[in-house]
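Inspection log for the structure reproduced underneath, given as structure tokens.
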Amino acid sequence: MTPPFELFSWGPAWGLSSFDPFCMSIQCYLSLSCANWINTKSTNPKISPSGELPLLRDGAIPVAGTANIIRHLKRKGFDLDANLTPLQLAQSSSYINLIETKLYEARLHTLFMDAKNYNEDTLRVYSKQLDFMRRFYVPEILKKRVVGRLSGYRMMLDDNKELVNEVYLNAKDVFQALSDKLSDQLFFFGDKPTTLDAVAYAHLSLHALPLLTNPKLNAILTFNFPNLTTYITRMQAAMSLYPPPVPSQSPPPLHIASFLTNPTASFATLYATAKQRLAALTADPRPVDTSGEASEADVREQRKREARVDAFYKWLSVLGAVGFFVGYVIVNGIVQIGVVDEGDDEDGFGGGGGGNHDEPGGDGREDEYDGSAAVYVDEDGNVYSDDDE
């Protein structure tokens, strides 16, 4: 039997298989193509060569990026577009480009630029997906990227003469194009699902979420494009007819994947393994006979030795964890350590009496009068003391 594909993707949210539309697109494609695959939840996109999820592993071959993964699956014989004509392939590519740019940007605006959605929904979802440290700064980093990406959009008048962000007008235009293409068909190109169906369903199902605090995209879909809403429901039912992914097995405790997905348990296992090996090395090779008093003393001594070793490694693990945390904070620039010159503290904060701070050793105090020397004033008004002679 051919080994299954292993897909590393962001975890579920809002009742869907993933909160990321690109990860969900590949999940839908694998299911619709009846591939044998394993879905592995990941919270660390750094395991991918591109630094982003989804990541598909075909044996020892990693494939990153939605387009690259679909291209790789087609070469492996899992081609949902095998029956499409060249014109239909070109149309599919154009629709997918609109979905992954215009619709995706509307979703980003809804999740990160809408204050209510960001504070009450986006932060909650990312807090469940990320580890303890990263949940405090990753959402803010993503928000800054979204702000930069969407900075070119303007406020414009819609059909009702109301001011809305241009990103929602673009999304409505894409919804209209998809609605016209789908019409009353089962799928976008007839009776069989294609790559466009996998991508469109992944994005549309996330746009149709009624669970958001401010479900603006859901309102646009529901009231203006009923055939797309029916399509989402139909695709949800169709996905249940395809074979589900093989349950992901937990990696070995000391496997590199376990350190990336569950570092706490992995370090605990590493500590227990190291302790066992150390106990084996420090154990007394002499056979222990508990029948006499001398042998009981040996047993007590051995237990004390093991207790000392155990205490030593507990403290060592604590110090290692603290050192790792401090290094992590400093390397990532969360806290910066610098040296402040005493002279810099005094600039503009009194005391100097007009001294030159730019001169070597000039701390602004050389011209101060300490009261111990006589002071004279000559005919030209110059002031000097006995110390100046």
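Odds and ends about this structure:
- Which listed residue is charged (D, E, K, R) and crowded, with 16+ Cβ neighbours inside 10 Å, from ASP184, ASP197, ASP158: ASP197
- Taking each residue of the range 177-199 that is in contact (Cβ under 8 Å) with a residue 40 or more places away in the chain and under 21 Å from ILE220 (Cβ atoms) and looking for partners that are in a loop (DSSP other than H, G, I, E, B) and open to solvent by less than 10 Å² (accessible area, probe 1.4 Å) with beta-carbon atoms closer than 7 Å, six or more apart or interchain, yields SER179/PHE225; LYS181/PHE188; LEU182/PHE188; PHE188/THR194; LEU196/PHE188; ASP197/PHE188.
- Against the numbered list (1) polar (S, T, N, Q); (2) open to solvent by less than 50 Å² (accessible area, probe 1.4 Å); (3) at pLDDT below 95, THR213 comes up short only at (2).
- Screening the range 82-131 for residues that are among the aliphatic types (A, V, I, L, M) and under 16 Å from the mean Cα position of the chain (by Cα) and picking the one that is farthest from LEU178 (Cα to Cα) gives LEU130.
- Here THR122 clears all of (1) within 30 Å of PRO193 (Cα to Cα); (2) surrounded by 16 or more Cβ atoms within 10 Å (Cβ to Cβ) except the condition numbered (1).
- Restricting the search to strands (runs of 3 or more DSSP E) fully inside the range 1-87 and requiring at least 1 residues that are open to solvent by 60 Å² or more (accessible area, probe 1.4 Å), among the basic types (Lys, Arg) and in contact (Cβ under 8 Å) with a residue 60 or more places away in the chain gives 37-41.
- Taking the range 17-45 as the range and being small (Gly, Ala, Ser) and over 23 Å from the mean Cα position of the chain (by Cα) as the test, the residues that pass are SER31, SER33, ALA35.
- Taken together, the criteria place SER151 among residues that are free of Cβ contacts under 8 Å to residues at least 24 places away in the same chain, hydroxyl-bearing (Ser, Thr, Tyr) and surrounded by fewer than 16 Cβ atoms within 10 Å (Cβ to Cβ).
- Some residue of the range 183-198 being modelled with pLDDT of 95 or more and in contact with a Lys or Arg (Cβ under 6 Å, 6 or more places away or on another chain): yes
The values are calculated or read from the model by the stated rules, or taken from the named source; none is laboratory data. Small disclaimer: the values here were computed from a predicted structure and weren't measured. Neighbour counts run over all protein chains shown; Cβ positions are idealised from the backbone, glycine included. The accessibility values were calculated without ligands, DNA or RNA, using every heavy atom of the protein model including side chains. Shrake-Rupley method; radii C 1.70, N 1.55, O 1.52, S 1.80 Å.
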